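Below is one structure, written out as structure tokens; the observations come after it.
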Amino acid sequence: MTIRACLALVLLATACGREPPTQEEIDDAKTRVDLAIHAAHQARIALELLGILPVYTCDEPRRTFVGRAAEGVGVKVACVTATAVVRDESSDAVVFSFPETPCSVNGHTVSGHTDFIYNGGEDRMDLSADLNGLVVDGKVLQATVGYGTCGDEKRFWTAAAGALPGRPGNTYRVDGRVGLRDGAPLFGSTSLVFDGPGQVSGPLGTDRVTFTGLEYEVGEFLPKKGQALIETARGHRVRVDFSEVLWRVGKVEVEIDDKAPVTVPIVR
């Protein structure tokens, strides 16, 4: 860190009336924040794939909806083949097949196939898909996604877990929930909002993470809004704030325990 940067940090801390973190604390927090953001990114990818399909319209016959959903997938993603498949009296499926040649989905290269399985219908529909058969950006995606809609509860979710791509020796788990507004899920062709608990384990121990209101734009790695709270294996609390100003320059604001906040860069 340069003398000028150090001086600016001290002045910020003095203005806020709080002690600045040490460089060792900043470096440690930056590593943990990086791991947490990469874990959230895996959950985000899985939810974006769920968002390719339209959400079930209550009171519509299941088989009618599934056929219509399969036909509409090609409009969103021309390189994917979606086929409606009759399974049994209580369920149907939309089968996704991505070609081995590059197929771009929201800025990611995807290959493989998976089944989106619909159970129920009209007054209650449940959708689930195991995405472990897909390869995204050259890495096997380790996630399941789904939703339950109509009836008393609307819930859109993902359970993403496994080895953290690009971060050898680290594993992760994120139980993500898509944000709702007026009963509708907050994902579409350009944005996605989700939150939920997670954890990252590796050489630094096991950190517990709570993601709140992470809002992503298609093609961007960092959320442009939201917060992550990391309870570290060393007993510290690291709060990460995402903002549109910092998101555009690849940075986040980090607050370690009760010390003065600092801004750190995050590399994809």
Put +1 on the Cβ of each Lys and Arg and -1 on the Cβ of each Asp and Glu in the chain; which of 91, 114, 242 then has its Cα farthest toward the positive end of the dipole?
-> 242
Cβ-placed point charges (K, R +1; D, E -1), dipole of the chain about Cα centre in debye, nearest 20 = 620 debye
Share of Cα-Cα pairs in the stretch 79-199 beyond 23 Å, whole percent, is 39 percent
Residues other than residue 248 with Cβ under 15 Å of its Cβ, Lys/Arg counted +1 and Asp/Glu -1, net out at -2
Treating the beta-carbon of each Lys and Arg as +1 and of each Asp and Glu as -1, no other charges, what is the dipole magnitude of the stretch 119-268 about its Cα centre, to the nearest 20 debye?
-> 520 debye
Here the relative contact order (percent) of the chain, from C-alpha pairs under 8 Å and at least 6 apart, is 15 percent
Fraction of accessible area attributable to carbon and sulfur, the stretch 14-59 (%, probe 1.4 Å) | 52 percent
Neighbourhood charge, 14 Å Cβ-Cβ cut-off, centred on residue 180 and excluding it, Lys, Arg +1 and Asp, Glu -1 | -1
Send over a whole-number figure in Å² for the accessible area per residue of the stretch 56-107, probe 1.4 Å.
-> 55 Å²
Gap in Å between the Cα centre of the stretch 152-222 and the Cα centre of the stretch 90-145?
-> 17 Å
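The values are calculated or read from the model by the stated rules, or taken from the named source; none is laboratory data. None of these values were measured; they are calculated from a predicted model. Virtual Cβ from ideal backbone geometry, glycine too; neighbours counted across all protein chains shown. Note: areas computed on protein heavy atoms with side chains; ligands, DNA, RNA excluded. Shrake-Rupley method; radii C 1.70, N 1.55, O 1.52, S 1.80 Å.
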